[in-house]
Amino acid sequence: MNLLSLAEPFDPKDIEWRIAQAGKKGDGKIWAKVLAYITSRAIMNRLDDVCGPENWRNEYTTGPQGGVLCGISVQTSPGFWVTKWDGADNTDIEAIKGGLSDAMKRAGVQWGIGRYLYNLDEGWAVVGDKGEHFANCKIKVSGKEEYASFHWSPPQLPAWALPKPKQPTEPAKAPPKKAPDKPAAKPKENQDASKAPEVTDSSSAYQFIKFGLWNWWKCQNKDEANAVAQFICGHTYDALSKDGNLCRDNYQKFQAAHDANDPELKSKALAASSPV
């Protein structure tokens, strides 16, 4: 059981979107900002796939000031269970059902499930007659609110927020009857399937670095992110976030640090950044 797999990105078809804010431009065109989230069912499926249906469970209790708390427990070794809790208020629509669902989503984030979605930048919906979804909601027009109906589609997710492509399995081939005339060519060094695809866009490179700092090395704040980034590539996270070209020139160092699989990297980085 590899619990780190719980934090892997979901297939885009498993991602749900909701409108957070909408309005109308001066030319009369409607705009909408959207937020991504995963459903409780997607969380259950991820726990089944990674832990096995028999190795996880959930439970609910009343929150300290109303609402509901959800605890997700995982059996990490025979007879030993680890539980992580989080909670939510009851929702305006289907209050109890909505509260239970939101509490489980938050508890799932405690295990890393869907946590990467919090790193997404603000998403703009594609509004148009051919949109995948239909909305009838309040929008802001010249400081006032009015209802509007429109179709919209969610934005595309960046490369770092997509699951890694699965390698196709080929059927076993029969041994050749005749030895080949020439020896098989050696694979090139840059054909290592464990390496991330080359990033040529500076914005994608920044998102790649940000994802690594918060998901691979579990930085808790910007100070830790600055220290780890400085340790890996000689530049702070603050500097990288302000210079796309700097990100593009250094993102491969983060991939290499990840591939080195040094469990003490973060500790070394924080120690190196501490004043003597």
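The values are calculated or read from the model by the stated rules, or taken from the named source; none is laboratory data. The structure displayed is predicted, hence computed values, not measured ones. Using ideal geometry, Cβ is built from the backbone for each residue, glycine included, and neighbour counts are taken over all protein chains shown.
Do we have any residue at all in segment 19-31 that's assigned by TED's automatic domain parsing to the domain that holds Gln110, farther than 30 Å from Gly143 by Cα and not in a strand (DSSP E or B)? No - not one qualifying residue is present in segment 19-31.
Among the residues of segment 105-121, is any more than 19 Å from Thr39 (Cβ to Cβ) and surrounded by fewer than 20 Cβ atoms within 10 Å (Cβ to Cβ)? Steps first, please.
Our first condition is that a residue be more than 19 Å from Thr39 (Cβ to Cβ); within segment 105-121, this holds for 119, 121.
Then keep just the ones that are surrounded by fewer than 20 Cβ atoms within 10 Å (Cβ to Cβ); that gives 119, 121.
Yes, segment 105-121 has at least one match.
Quick one: is Val68 in contact with a Leu (Cβ under 7 Å, 6 or more places away or on another chain), in the same structural domain as Asn136 (by TED's automatic domain parsing) and over 13 Å from Ala107 (Cα atoms)?
Working: in contact with a Leu (Cβ under 7 Å, 6 or more places away or on another chain): yes; in the same structural domain as Asn136 (by TED's automatic domain parsing): yes; over 13 Å from Ala107 (Cα atoms): no.
So Val68 does not fit the description; no.
Taking each residue of segment 134-153 that is over 11 Å from Lys24 (Cβ atoms) and looking for partners that are exposed (fewer than 10 other Cβ atoms within 10 Å of the Cβ) and among the β-branched types (Val, Ile, Thr) with beta-carbon atoms closer than 6 Å, six or more apart or interchain, yields nothing. Checked against the criterion of being closer than 23 Å to Tyr118 by Cα, of a type in the set (Gly, Ala, Ser), in contact with a Cys (Cβ under 7 Å, 6 or more places away or on another chain) and crowded, with 16+ Cβ neighbours inside 10 Å, the candidates Ala7, Ala22, Ala32 yield just one match: Ala22.
Of everything listed in (1) under 19 Å from Pro158 (Cβ atoms); (2) surrounded by fewer than 12 Cβ atoms within 10 Å (Cβ to Cβ), the single unmet condition for Tyr37 is (2). Out of everything in segment 219-276 that is in a helix (DSSP H, G or I) and of a type in the set (Ser, Thr, Tyr), what residue ends up being surrounded by the fewest Cβ atoms within 10 Å (Cβ to Cβ)? Selected residue: Ser267.
Within segment 152-193, the residues that satisfy the criterion of being in a helix (DSSP H, G or I) and at pLDDT 80 or above are Ala159, Trp160, Ala161. Taking segment 60-83 as the range and being at positive phi and modelled with pLDDT under 90 as the test, the residues that pass are Gly66, Gly67.
Of the numbered conditions (1) more than 30 Å from Lys138 (Cα to Cα); (2) over 22 Å from the mean Cα position of the chain (by Cα); (3) surrounded by 15 or more Cβ atoms within 10 Å (Cβ to Cβ); (4) free of Cβ contacts under 8 Å to residues at least 40 places away in the same chain, Asn90 satisfies every one except a single condition; which is it? In the conditions (1) more than 30 Å from Lys138 (Cα to Cα); (2) over 22 Å from the mean Cα position of the chain (by Cα); (3) surrounded by 15 or more Cβ atoms within 10 Å (Cβ to Cβ); (4) free of Cβ contacts under 8 Å to residues at least 40 places away in the same chain, Asn90 misses (1) alone. Scanning segment 4-14 for residues that are modelled with pLDDT under 90 and in contact with a strand residue (DSSP E or B) (Cβ under 7 Å, 6 or more places away or on another chain) returns a single hit, Asp14.
Each residue in segment 47-61 was checked for being out of contact with any Leu (no Cβ under 6 Å at 6 or more places or on another chain) and buried (at least 19 other Cβ atoms within 10 Å of the Cβ), and 2 of them qualify.
May I ask you to verify whether Asn119 is polar (S, T, N, Q), more than 29 Å from Leu213 (Cα to Cα) and assigned by TED's automatic domain parsing to the domain that holds Arg46? Break it down into steps so the answer makes sense when it comes.
Values: polar (S, T, N, Q): yes; more than 29 Å from Leu213 (Cα to Cα): no; assigned by TED's automatic domain parsing to the domain that holds Arg46: yes.
For Asn119, the condition - polar (S, T, N, Q), more than 29 Å from Leu213 (Cα to Cα) and assigned by TED's automatic domain parsing to the domain that holds Arg46 - is not met.
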